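The values are calculated or read from the model by the stated rules, or taken from the named source; none is laboratory data. Just so it is clear, the structure is predicted and the values come from calculations on it, not from any experiment. Note that each Cβ is placed from the backbone with ideal geometry, even for glycine, and that neighbours are counted across all protein chains shown.
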Amino acid sequence: MIKALFLDHPGAAGETYFQHFIFAMTFAGWFFLAAAAAFIHALVPALCETMASRILKHLNYKIETRR
């Protein structure tokens with residue numbers, strides 16, 4: 001059960017638990033920043049016009065070029 005919860009998916013991605021943890025937490029931070037930029041843009045459309053989309057494109061590139 002523990003192996004299935006914590007090790008199978010990182011192993012399938014070719015990573016240890018901690019490597020996968022750092023990668024996922026880094027993504028979470030970028031998603032948080034993109035969400036904040038989208039929120040600011042919703043309030044004041046002249047601000048953060050392309051920030052959220054640029055972050056998402058960067059994250060997509062990271063996923064597509066990963067191992």
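Structure notes:
- Note on segment 43-54: residues that are of a type outside the set (D, E, K, R), at negative phi and surrounded by 11 or more Cβ atoms within 10 Å (Cβ to Cβ) amount to 4.
- For GLY14: the one exception among (1) surrounded by 12 or more Cβ atoms within 10 Å (Cβ to Cβ); (2) touching a residue at least 24 places away in the same chain (Cβ under 8 Å); (3) not polar (S, T, N, Q); (4) not in a helix (DSSP H, G or I): (1)
- Criterion (closer than 23 Å to GLU15 by Cα and either assigned to a helix (DSSP H, G or I) or in contact with a His (Cβ under 9 Å, 6 or more places away or on another chain) (or both)) met by exactly one of ALA42, ALA34, ALA28, ALA38: ALA28
- When ALA42, ALA12, ALA36 are screened for being of a type in the set (Gly, Ala, Ser) and within 17 Å of the chain's Cα centre (by Cα), only ALA36 passes.
- Given (1) exposed (fewer than 13 other Cβ atoms within 10 Å of the Cβ); (2) modelled with pLDDT of 95 or more; (3) assigned to a helix (DSSP H, G or I), index of the condition LYS3 fails: (2)
- Hey, LYS57 part of a helix (DSSP H, G or I), at negative phi and within 14 Å of the chain's Cα centre (by Cα) or not: yes
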